[in-house]
Each structure stands twice: as C-alpha cells, then as structure tokens.
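What follows is a single structure, written as structure tokens, with notes after it.
The values are calculated or read from the model by the stated rules, or taken from the named source; none is laboratory data. What you are looking at is a predicted structure, and each value in this text was computed from that prediction instead of being measured. A quick note on method: Cβ atoms are made from the backbone with ideal geometry, for glycine too, and the neighbour counts reach across all protein chains shown.
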Amino acid sequence: MTRIEPHRLSLYVVTSSGFVSGRGHREVALAAIEGGATAIQLRAPELMDSSLLPLAQELAEACRAADVLFVVNDRVEMAAEAGAGAHVGQSDDPARAREVLEPDSVLGISVATPEEAIAAEAAGADYLGVTVWATPTKADAVPCGLDGLRAVVDATSLPVVGIGGINPGNAGEVLEAGAAGVAVISAVGAGPDMVGATRRLRTIVGER
C-alpha cells in the first residue's frame, strides 16, 4: 500500500547546482518550499557522503516543518540516516532500498515501461517516475513521450510523476496524460526567480 497521497506529488522539484553561480541544492530547495512545492528531491551525485548527509538532514527538517515530502536520489543509506524517503532507478536494487528505509518512508522508482512499473510496484514502490521528454539534466534517461507515460499510468495503481523537459507551457499535457504530478529541475533551478517560478507551476498544477 502506498505511503503517499497523490496530491503530495503534484509539484515535485528536483534540486540542482551549477545553473547559476553561487546557487546550490540548499538554495533551490528552500526557494521551492517557499514557492509552494509539494515534494523536494535532493539529487546531488557530485557530493561526498560527508557533505550530503548534513545537507539532507537540514532539508529533511525544513520539509517536515513545511509539510513537504522529501526524498534523496539514489543514496538510500543517506536517505535513511536523514529520516527521508528515497528515489532509485532501474540500475539500483529497489527491494533492498525498501529494506533499508524505515517502514513509513516513501520510495520512488524510475520506470520506462509498463513491465517495469509492475515490477516496481511489486518491489514496494510508493510512486513511479517517468521521463517524458529528452532533457540535458537527465541525459541518461530514455524519454517515453506522452504515450509512454499513459501506458505506465494504465499499468499501475501507483501515482506517477512525469519528469524531463517539463515547463509551464507543457505541464498541463503531462497531467492530462494521467500523471499525479510534474517534476522539474531547470524550470525552477535555472530561473532568475526560483520562488516565482515555483509559484507559477503550483498555480498550473492546482488548476488541474
């Protein structure tokens, strides 16, 4: 049984660093929280565990205070130690991730096909992520398009989040295809006004 209500995935902001000088994961996450994001993913492959853990703990506390879902990308042990959820891909071991996390912690799994969606649900996922369009920020992901997104949605009872190339101009299409929410990286992290960008997206998803 899923540990997350679908509406908590409606606007899912993935952190980034390097888009704007002096702006890192902390700044992106805090701006997104202020702007009304419902979920935050700390995605920081460049950080060593010694740097990632205190940041994850800080952001986990900030998200708890704002009633925002918080997950850590890939680093399941760090997620568990920070009291956060985790998001893993197909190259990871979802069953082990479920074992490492606390029983009530959220687990997201990236999928690209209905078959992967069914397997992820069986492995204990609470929600699924699907790359919709190609994007430099997820260069290794295979874009499924809106048709692929619909196929995954139809194959599972879990909420599905669309990611990849999503912005205010096309977020509505992703939701109309059946996604519970949209995940963005550069649409917030690369913008001149991150709080304003988040608020605009929140308005769009709130209209659906």
(message) If I filter segment 32-47 for residues that are hydrophobic (A, V, I, L, M, F, W, C), surrounded by fewer than 16 Cβ atoms within 10 Å (Cβ to Cβ) and more than 13 Å from the chain's Cα centre (by Cα), do I get at least one hit?
(response) no
(request) Any residue in segment 161-189 that's under 21 Å from Val20 (Cβ atoms) and free of Cβ contacts under 8 Å to residues at least 24 places away in the same chain: show its pairings with residues that are among the aliphatic types (A, V, I, L, M) and outside any loop (DSSP other than H, G, I, E, B) at Cβ separation under 7 Å, as long as the two are six or more apart or on different chains. (result) Asn167/Ala187; Ala187/Ala197; Ala187/Leu201
(message) Take Ala197 and tell me if it is crowded, with 18+ Cβ neighbours inside 10 Å, assigned to a loop (DSSP other than H, G, I, E, B) and not polar (S, T, N, Q).
(response) no
(message) I'd like the full set of residues that are buried (at least 20 other Cβ atoms within 10 Å of the Cβ) and either modelled with pLDDT under 95 or among the hydrophobic types (A, V, I, L, M, F, W, C) (or both), limited to segment 122-132.
(response) Ala125, Leu128, Val130, Val132
(message) Restricting to segment 124-157, count the residues that are closer than 19 Å to Ala180 by Cβ, without any contact (Cβ under 8 Å) to a residue 40 or more places away in the chain and touching a Pro at 6+ places or on another chain (Cβ under 6 Å).
(response) 3
(request) Filter segment 173-194 down to residues that are crowded, with 19+ Cβ neighbours inside 10 Å, touching a Phe, Trp or Tyr at 6+ places or on another chain (Cβ under 7 Å) and assigned to a helix (DSSP H, G or I), then give me how many there are. (result) 1
(message) Which count do you get for residues in segment 136-172 that are touching a strand residue (DSSP E or B) at 6+ places or on another chain (Cβ under 8 Å) and not in a helix (DSSP H, G or I)?
(response) 14
(request) Kindly provide the set of residues from segment 40-66 that are among the aliphatic types (A, V, I, L, M), within 21 Å of Gly129 (Cα to Cα) and part of a loop (DSSP other than H, G, I, E, B), ordered by number. (result) Ala44
